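As structure tokens, the structure follows; a few thoughts come after it.
The values are calculated or read from the model by the stated rules, or taken from the named source; none is laboratory data. Keep in mind the model is a prediction, meaning the values are calculated, not measured. Cβ placement follows ideal geometry from the backbone for every residue including glycine, while neighbour counts extend to all protein chains displayed.
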Amino acid sequence: MEYVRVEIASLSLVPSGGGTCAIVLREADGERFLPVVIGLLEAQAIAVKLQGMPTPRPLTHDLLGALLSALHGRLVRVTVDNVREGTFFATIEVEYEGSVIKIDARPSDAIALAVRLSAPVFVADAVMDAAGASPESLPQIPVKPGQVVEAPSSAPRAGATRVEELEAQMQEAIREENYERAAQIRDELGRIRAGGAQ
């Protein structure tokens, strides 16, 4: 399988996306882009590292990186290998005791780990052909690789539903690095959505 190296072009909140974000990967030596929808918490994990924001305690991806280092493993690269019905599939390639181990992962987790360990990210050429986009179709992409687009204000708009208010509160908690509160709000949102309430 042929791969192309990519960089993070942007990371932003999806308008009306129900708390989802989009990470856009830019072909390092080409003109194609690959937009991938990821969860808000995963996007925050990537943004924290890209922006060099300190966290009071290690996040999950920091823990994975520390564990890998303690075991004398090395993250060789991350690859986005496949897309099926709009869902992307990734692989984390780890060198350990002279062998390369391939581990299935979500692209958001794989990329969050890669940015922490300065590992390259690649996308299968076939995936880029199937799901990639041209610069003209993504006019909001920042010029600088790795630039993070700030989410809109977290203040709920007038007439906002309970779900929208909670999503705004969760974004604010994440910006303030209050991950425990963000998790509580996420759980409450899950209960509301499971019950079909707005």
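Here region 70-96 is the region considered, the condition is being without any contact (Cβ under 8 Å) to a residue 12 or more places away in the chain and outside any loop (DSSP other than H, G, I, E, B), and the residue that is nearest to the chain's Cα centre (by Cα) is Thr87.
How many residues does region 4-60 hold that are in a strand (DSSP E or B), over 16 Å from the mean Cα position of the chain (by Cα) and either within 17 Å of Met170 (Cβ to Cβ) or charged (D, E, K, R) (or both)?
Of the residues in region 4-60, the ones in a strand (DSSP E or B) are 4-13, 20-27, 33-39.
In the following step, the residues that additionally are over 16 Å from the mean Cα position of the chain (by Cα) were identified as 4-5, 27.
Applying the additional criterion that residues be either within 17 Å of Met170 (Cβ to Cβ) or charged (D, E, K, R) (or both) yields 5, 27.
Going through region 4-60 one residue at a time, the tally reaches 2.
Taking the condition at negative phi and modelled with pLDDT under 90, does Leu63 pass? In short, no.
Restricting Ser99, Ser134, Ser118 to residues that are over 16 Å from the mean Cα position of the chain (by Cα), closer than 24 Å to Ile46 by Cα and either at pLDDT 75 or above or hydroxyl-bearing (Ser, Thr, Tyr) (or both) narrows the list to Ser134.
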